[in-house]
Amino acid sequence: MSKRILAVLSFATLVTTAAVPALGAGYGVTGFGGKIGYTTPENLDGTTIVSGHAELERAGSALHLLPSLSYWNTNGVSDVNPNLDVYYHFAPEGQATPYVGGGFGLNLYGRERGGSETHPGINLIAGLRIPGPSSHYFVESRYMASDRAQFSVVGGVTMHLH
């Protein structure tokens, strides 16, 4: 369990060191939301994945920061997965637009019969943003390159704070 705590603290340090300069560059929290979908962890059965996120952006920018926390559980293995992703959307705010991005995350694997492991991963993201009145909706595919590669298809919503 101490490896898990160390991994979470390491991730929090990385997020903090990435977010502080970003906030100094005019980025601020503009929304929060969640997503749900289907993931296929390597060598395990496919399962439901759920996630919560915050969205940070700078006014007029198409580049967004997205810290998130995901969870799945299948075949006696669970994964708590903190991520820090960056994505770029191609059309201006208020229009439906494709987006691409990437980032990094940690896989905090737990097993029903005891034991845990922590492994880093690299995220690749592609999706479609659809504007709403006080939010935006999205459909996204994600690939995490890690010790246990994962491919996910998710849908979700981000509620805007302004």
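The values are calculated or read from the model by the stated rules, or taken from the named source; none is laboratory data. Not measured: the values here are computed from a predicted model. Here the Cβ positions follow ideal geometry from the backbone for every residue, glycine too, while neighbour counts run over all protein chains shown.
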Quiz item: Name the residues in segment 22-65 that are without any contact (Cβ under 8 Å) to a residue 24 or more places away in the chain and under 18 Å from Pro82 (Cβ atoms), would you?
Solution: Val50, Gly52
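Residue by residue through segment 67-89, note down the ones that are closer than 22 Å to Ala54 by Cβ and not hydroxyl-bearing (Ser, Thr, Tyr). Spell out the reasoning first.
Taking segment 67-89 and keeping what is closer than 22 Å to Ala54 by Cβ, we get 67-72, 79-89.
Correct list: Pro67, Leu69, Trp72, Asp79, Val80, Asn81, Pro82, Asn83, Leu84, Asp85, Val86, His89.
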Quiz item: Identify, please: which residue in segment 36-85 is of a type in the set (A, V, I, L, M) and touching a helix residue (DSSP H, G or I) at 6+ places or on another chain (Cβ under 9 Å) and is, among those, farthest from Arg142 (Cα to Cα)?
Solution: Leu56
Self-check item: Residues within segment 151-162 that are modelled with pLDDT under 95 and hydrophobic (A, V, I, L, M, F, W, C), tallied
Solution: 1
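Considering only residues that are in contact with a Lys or Arg (Cβ under 7 Å, 6 or more places away or on another chain) and either farther than 17 Å from Pro92 by Cα or at pLDDT below 95 (or both), which ones fall in segment 125-150?
So in segment 125-150, the residues in contact with a Lys or Arg (Cβ under 7 Å, 6 or more places away or on another chain) come out as 125, 136, 138.
Scanning segment 125-150 gives a single hit, Ile125.
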Quiz item: Can you tell which of Leu108, Leu66, Leu84 is touching a strand residue (DSSP E or B) at 6+ places or on another chain (Cβ under 7 Å) and more than 15 Å from Leu124 (Cβ to Cβ)?
Solution: Leu108
Self-check item: Unmet criterion (only one of (1) closer than 18 Å to Pro41 by Cβ; (2) of a type in the set (S, T, N, Q); (3) touching a Ser or Thr at 6+ places or on another chain (Cβ under 8 Å)) for Thr158
Solution: (1)
Self-check item: Complete set of residues in segment 34-62 that are aliphatic (A, V, I, L, M) and exposed (fewer than 14 other Cβ atoms within 10 Å of the Cβ)
Solution: Ile36, Ala59
Quiz item: In the list Gly101, Gly105, which residue meets the criterion of being in a strand (DSSP E or B), crowded, with 19+ Cβ neighbours inside 10 Å and in contact with a Pro (Cβ under 7 Å, 6 or more places away or on another chain)?
Solution: Gly105
Quiz item: How many residues are under 15 Å from Asn73 (Cα atoms) and among the β-branched types (Val, Ile, Thr) if we restrict to segment 147-162?
Solution: 0
